[in-house]
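Beneath this line is the structure, given in structure tokens, with notes to follow.
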């Protein structure tokens with residue numbers, strides 16, 4: 001098959017996938033450990049007890065540790081899947097995989113540091129920052145934050161040598 005034929009087939013597949021109905025991403029219960037399954041079974045019992053409505057606020061507050069642990073498990077599993085799948089599907093070699101891991105790890109640490117600063121921020125300051133971001137229209141878009149490459153020891157020596 002010629003390259004243009006492959007490109008056409010890939011383009012057609014992409015259009016077909018884009019037109020597909022909305023779907024849900026699910027985590028298979030079989031991929032969870034036994035303690036994790038017990039936790040989700042307990043959460044499901046609580047939800048089923050109040051179905052079709054949501055559990056009352058006092059029940060949610062009383063069982064908040066279960067909800068938070070469940071969210072933590074989902075977050076960890078989703079992150080593990082992302083870190084496994086993206087390099088496997090996008091990277092060509094060990095060096096590209098290493099760059100992915102470096103950038104992802106640094107993103108994660110920078111994001112967690114930013115979240116911690118926001119959580120420690122006084123409420124008035126946080127609300128003012130949120131209002132400012134809304135007024136500037138920044139909450140509805142993302143953009144590239146300029147970055148600089150870290151200096152290597154060789155570059156540092158070159159700059160500091162007479």
Residue satisfying condition, being in contact (Cβ under 8 Å) with a residue 40 or more places away in the chain and either surrounded by 12 or more Cβ atoms within 10 Å (Cβ to Cβ) or assigned to a helix (DSSP H, G or I) (or both), within set 82, 74: 74
Is one or more of the residues making up the range 91-114 in a helix (DSSP H, G or I), touching a helix residue (DSSP H, G or I) at 6+ places or on another chain (Cβ under 6 Å), surrounded by 10 or more Cβ atoms within 10 Å (Cβ to Cβ) and at negative phi? yes
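Just so you know, all these numbers are worked out from the coordinates, no wet-lab data involved. Remember, it's a predicted structure, so these values are computed and weren't measured experimentally. Ideal geometry is used to build each Cβ from the backbone, glycine not excepted, and the neighbour counts take in all protein chains shown.
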